[in-house]
Amino acid sequence: MASIDRKLPMTAGKRVIWITGLFLAVFVVMGPVYLLVKYSISDIASINTGGEPIPLWPYNPTLSIYAYLFTDARFYHVIINSIIISLSTVALTLLLGVPAAYVLGRFKIPGRKTILLGIISVRLFPDIASVIPVVQLFIKIGVYQTYFGVILAHTLLSLPYVIFIGMGAFESIPKDLEQQAWVMGANRFQTFIKILFPLAVPGLAAAAIYTFLLSWDEFIFAYFLSLGKQEIFTLTLYLNKIKYAEPQNLLSAISVCLSLPVIIFSLMVQRYMVAGLSSGSVK
Amino acid sequence: MADVVLKSFTKKYGSFTAIENLSLEINDGEFVSLLGPSGCGKTTLLRMIAGLETIDGGELYIGGKFYNNMPSQKRKIAMVFQSYALFPHMSVRKNILFGLKINKVPQAEMSRKLNWVVNLLHLGGLEERFPREISGGQRQRVALARALVLDPDVLLLDEPLSNLDAALRETAIEELKRIHRQVGTTIIYVTHNQVEAMSMSERIALMNVGHVEQFEKPRMIYDKPKTVFSGEFIGSPPMNFYNGEFHIDDVSTGIMTSVGFLKLDAERASKIRELHGRKVVVGVRPQHVYFKGHHARRRHTDTDIELTVELIENLGDRSLVVGKNKNGTILRFLVTRDDELHIEDKMSVFADGRKIHLFDPSTRLNIFD
């Protein structure tokens, strides 16, 4: 039996317009990615062409620049900085955010709405506006130009997300489970550790990865908080510093290294993130 | 094992009083049902006993100990929630052992108890499964097992059978009765289903808007409803109710109602000679109205009620007939399926004078109580 063609009939002219539009959209989105990848695997001859037009694909694609990158001590130093800061941010954010999310999600607290608004208020301002008071405050409390300062700033930025996603995760656990544990003799702490926390893990994992990514590619706060203090530069700051000084293939390779975790993690937890974000925001 | 004593319990939600001045004494090892329509406070009462709701007034004693301020964790009780509340991230074994682990019971003791309860509730082979991997009936048994291994003084069950289909519910009722006989724990069972309450409990506390209407053996509630509500709620199909007036003279004693004159048996009639002319609420169960064909049951005191058949509902072995008299008053009664009846048939029935229930219209209490 012939299958029914559900597509609407389209004239040839319309079809051309649609396809052209589609290609344009793909070009705009994928263009920079293409350039990035292309430059990172280009040989020198494909970059310094001596007046010739730059080829669409390198003459001799090579991974040599990546090999070089991983022998470069400066690169090592900043990528380790980035990892330290990101992981510490995740740890600190979860440490502060999970209990807060539990309390806000499971208890009737007076002024709950005001507290939630206060928590999210950091994100209501553009980063560039909130960075100045934060820097001033951090200078006063003595964490300016330190790892901890950057970690603290990133924690500040990611806490609202972790709290909101975490609240959603805790709220979605039926109250019966908690009360059943109490009746069986578990105190509140045991109930949290053995029942609520394990059940909230999928949501909290999404929040943790979100936090990692936020910290990993954050620029503005890291920049202002570590001005002139190169030892604590993250990958983004390093890239910013060398953007005019180094050859294009090196810059592109660093950019790829910066983007890769973002892409991989985003694809991995895409489903959780959507579920987590919506369960936190929509009640 | 222990007895449970509730003294003038009160529960308030803001200005709404959910439970008012409610007292109950449940014996050690007794199976008691809290039965009532939704919103009557039966689950609230159970949760107060469990310590999940505060006791706003009154006293709770379990096994003679004052329990009011005892946190749930310290109460020697176990509870099965309506939703079963199985921990979804734990296997059946871990679910069952959770309470024992929390209470730091030695390993040997734990495995002995696990074996015992797995045999008692036929859970063999399911120990490593997760709640999502077992059927509704199995979940219900796991929830019960998890409660029983704790050796509770009192076992609280909150509508544990309401999520099961009819056939499973039937088996579960038998199981519960068997387990109660074997374990002997005091059981407080909340339900809105009179069949469950009637078939399992030793006594039923019939509840209505925050108080106990009647607390007695199932049979007694059925045979001698203490209030109009008891009569209405217990029994299926429901009782017929009529407003009437006592008519007592030398010839006959009975009640004049819109459905007809309902004669009383001589024994009870002799007790209420002084009530002539007083208003009364009469309750007649459909089971106690007889079709004229049933001569064997006919007694000389009974008067005939002339009806036209309006509706016939087939109940399987019997049929429920809805009849209407010339005043338009409706009487529901049961006939056997051999009684050939058709809609619009004219017929004559009589109510058994010994079985009609009389209530005071103002106090709503049974006159003969």
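The values are calculated or read from the model by the stated rules, or taken from the named source; none is laboratory data. Small disclaimer: the values here were computed from a predicted structure and weren't measured. Neighbour counts are summed over all protein chains in view; Cβ atoms, including those assigned to glycine, are modelled from backbone coordinates with ideal geometry. Calculation scope for accessible area: heavy atoms of the full protein, side chains included, ligands and nucleic acids excluded. Shrake-Rupley method; radii C 1.70, N 1.55, O 1.52, S 1.80 Å.
Which residue out of B:S83, B:S72, B:S23, B:S91 is more than 28 Å from B:E174 (Cα to Cα), of a type in the set (G, A, S), surrounded by 14 or more Cβ atoms within 10 Å (Cβ to Cβ) and within 14 Å of chain A (Cβ to nearest Cβ)?
One residue alone meets the criteria, B:S72.
Here is a check on your reading of the model: is B:L126 touching a helix residue (DSSP H, G or I) at 6+ places or on another chain (Cβ under 8 Å), within 14 Å of chain A (Cβ to nearest Cβ), in contact (Cβ under 8 Å) with a residue 24 or more places away in the chain and among the aliphatic types (A, V, I, L, M)?
Numbers: touching a helix residue (DSSP H, G or I) at 6+ places or on another chain (Cβ under 8 Å): yes; within 14 Å of chain A (Cβ to nearest Cβ): no; in contact (Cβ under 8 Å) with a residue 24 or more places away in the chain: yes; among the aliphatic types (A, V, I, L, M): yes.
Taking the combined requirement at face value, the residue does not satisfy it.
I'd like the full set of residues that are among the aliphatic types (A, V, I, L, M) and not in a helix (DSSP H, G or I), limited to segment B:251-280. Spell out how you get there, then give the answer.
Within segment B:251-280, the first condition is being among the aliphatic types (A, V, I, L, M), and the residues that meet it are B:251, B:255-256, B:259, B:262, B:264, B:266, B:269, B:272, B:275, B:280.
The answer is B:V251, B:I255, B:M256, B:V259, B:L262, B:L264, B:V280.
Looking only at segment A:38-54, how many residues end up being assigned to a loop (DSSP other than H, G, I, E, B), among the polar types (S, T, N, Q) and within 17 Å of A:E246 (Cβ to Cβ)? Please lay out each step first, then the result.
Initial filter on segment A:38-54 (assigned to a loop (DSSP other than H, G, I, E, B)): A:41-43, A:48-54.
With among the polar types (S, T, N, Q) added as a condition, the list becomes A:42, A:48-49.
From the residues that got through so far, the ones that are within 17 Å of A:E246 (Cβ to Cβ) too are A:42, A:48.
Selection size over segment A:38-54: 2.
For segment B:299-313, indicate whether the set of residues that are in contact (Cβ under 8 Å) with a residue 40 or more places away in the chain, part of a loop (DSSP other than H, G, I, E, B) and among the basic types (K, R) is non-empty. It would help to see each step written out before you state the result.
First, the residues of segment B:299-313 that are in contact (Cβ under 8 Å) with a residue 40 or more places away in the chain: B:299, B:301-307.
Right, trim to part of a loop (DSSP other than H, G, I, E, B) and you get B:299, B:301-304.
Add one more test, that the residue is among the basic types (K, R), and what stays is B:299.
For segment B:299-313, residues in contact (Cβ under 8 Å) with a residue 40 or more places away in the chain, part of a loop (DSSP other than H, G, I, E, B) and among the basic types (K, R): present.
For A:A245, are the conditions met, namely being in contact with a helix residue (DSSP H, G or I) (Cβ under 7 Å, 6 or more places away or on another chain), of a type in the set (A, V, I, L, M, F, W, C) and in the same structural domain as A:I151 (by TED's automatic domain parsing)? Talk me through it step by step, then tell me what you get.
Numbers: in contact with a helix residue (DSSP H, G or I) (Cβ under 7 Å, 6 or more places away or on another chain): no; of a type in the set (A, V, I, L, M, F, W, C): yes; in the same structural domain as A:I151 (by TED's automatic domain parsing): yes.
Spelling it out, it is not the case that A:A245 is in contact with a helix residue (DSSP H, G or I) (Cβ under 7 Å, 6 or more places away or on another chain), of a type in the set (A, V, I, L, M, F, W, C) and in the same structural domain as A:I151 (by TED's automatic domain parsing).
Considering only segment A:169-188, how many residues are open to solvent by less than 10 Å² (accessible area, probe 1.4 Å), within 15 Å of B:K74 (Cβ to Cβ) and more than 7 Å from chain B (Cβ to nearest Cβ)?
Going through segment A:169-188 one residue at a time, the tally reaches 1.
If a residue has to be more than 10 Å from chain A (Cβ to nearest Cβ) and either in contact with a strand residue (DSSP E or B) (Cβ under 6 Å, 6 or more places away or on another chain) or not β-branched (V, I, T) (or both) to count, how many in segment B:95-115 make the cut? Step through it out loud before you land on a result.
Just the residues of segment B:95-115 that are more than 10 Å from chain A (Cβ to nearest Cβ), to begin with: B:96-97, B:105-115.
Subset that is either in contact with a strand residue (DSSP E or B) (Cβ under 6 Å, 6 or more places away or on another chain) or not β-branched (V, I, T) (or both): B:97, B:106-115.
Number satisfying all stated conditions: 11.
Checking A:T114 against (1) within 30 Å of A:G31 (Cβ to Cβ); (2) polar (S, T, N, Q); (3) open to solvent by 40 Å² or more (accessible area, probe 1.4 Å), which single condition isn't satisfied?
In the conditions (1) within 30 Å of A:G31 (Cβ to Cβ); (2) polar (S, T, N, Q); (3) open to solvent by 40 Å² or more (accessible area, probe 1.4 Å), A:T114 misses (1) alone.
If we only count strands (runs of 3 or more DSSP E) wholly inside segment B:1-111, which ones have 2 or more residues that are in contact with a His (Cβ under 8 Å, 6 or more places away or on another chain)?
Values: elements: B:4-13, B:16-26, B:31-35, B:57-62, B:77-80.
So the answer is B:16-26, B:31-35.
Residues checked against (1) in contact (Cβ under 8 Å) with a residue 24 or more places away in the chain; (2) within 23 Å of A:S82 (Cα to Cα); (3) β-branched (V, I, T); (4) in contact with a Phe, Trp or Tyr (Cβ under 9 Å, 6 or more places away or on another chain):
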residue	(1), (2), (3), (4)
A:S130	no, yes, no, yes
A:V135	yes, yes, yes, yes
A:K140	no, no, no, no
A:L152	yes, yes, no, yes
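Pull up segment A:189-202, narrow it to residues that are facing chain B (nearest Cβ under 10 Å) and of a type in the set (V, I, T), then point me to the one that is most open to solvent (accessible area, probe 1.4 Å).
Among them, the one singled out is A:V201.
Whether any residue in segment A:203-215 is under 26 Å from B:P160 (Cα atoms) and within 14 Å of chain B (Cβ to nearest Cβ) is what I want to check.
Restricting attention to segment A:203-215, the residues satisfying the condition of being under 26 Å from B:P160 (Cα atoms) are none.
Among the residues of segment A:203-215, not one is under 26 Å from B:P160 (Cα atoms) and within 14 Å of chain B (Cβ to nearest Cβ), which makes the answer no.
If you take just the helices (runs of 4 or more DSSP H) that sit entirely in segment A:55-125, which of them hold at least 3 residues that are touching a residue at least 60 places away in the same chain (Cβ under 8 Å)?
Working: elements: A:64-69, A:73-106, A:112-121.
Passing ranges, in order: A:64-69, A:73-106.
Does B:P160 count as in contact (Cβ under 8 Å) with a residue 12 or more places away in the chain, surrounded by 22 or more Cβ atoms within 10 Å (Cβ to Cβ) and not hydrophobic (A, V, I, L, M, F, W, C)? Break it down into steps so the answer makes sense when it comes.
Details: in contact (Cβ under 8 Å) with a residue 12 or more places away in the chain: yes; surrounded by 22 or more Cβ atoms within 10 Å (Cβ to Cβ): yes; not hydrophobic (A, V, I, L, M, F, W, C): yes.
Yes.
Checking the structure you have, find out if any residue of segment B:32-51 is closer than 20 Å to B:D153 by Cα and open to solvent by 70 Å² or more (accessible area, probe 1.4 Å).
no
Looking at this structure, is B:I134 more than 14 Å from chain A (Cβ to nearest Cβ) and in contact (Cβ under 8 Å) with a residue 40 or more places away in the chain? So that I can check it myself, show each step before the final result.
Numbers: more than 14 Å from chain A (Cβ to nearest Cβ): yes; in contact (Cβ under 8 Å) with a residue 40 or more places away in the chain: yes.
Judged against the criteria, B:I134 is a match.
Just wondering, is there one or more residues in segment B:122-140 that are closer than 19 Å to B:I187 by Cβ and not in a helix (DSSP H, G or I)?
Looking through segment B:122-140, none of the residues is closer than 19 Å to B:I187 by Cβ and not in a helix (DSSP H, G or I).
Tell me which residues, restricted to segment B:184-207, are crowded, with 16+ Cβ neighbours inside 10 Å and not in a strand (DSSP E or B).
First, the residues of segment B:184-207 that are crowded, with 16+ Cβ neighbours inside 10 Å: B:185-192, B:194, B:196-198, B:200-201, B:203-207.
Within segment B:184-207, B:T185, B:H192, B:Q194, B:E196, B:A197, B:M198, B:M200, B:S201 meet the criteria.
Could you please give the count of residues in segment B:321-366 that are within 26 Å of the chain's Cα centre (by Cα), farther than 22 Å from B:K263 by Cβ and assigned to a loop (DSSP other than H, G, I, E, B)?
Count: 3.
Going through segment B:291-328 one residue at a time, which ones are modelled with pLDDT of 85 or more, farther than 23 Å from B:S230 by Cβ and open to solvent by less than 30 Å² (accessible area, probe 1.4 Å)?
Matches in segment B:291-328: B:I305, B:L307, B:V309, B:S319, B:V321, B:V322, B:G323, B:N325.
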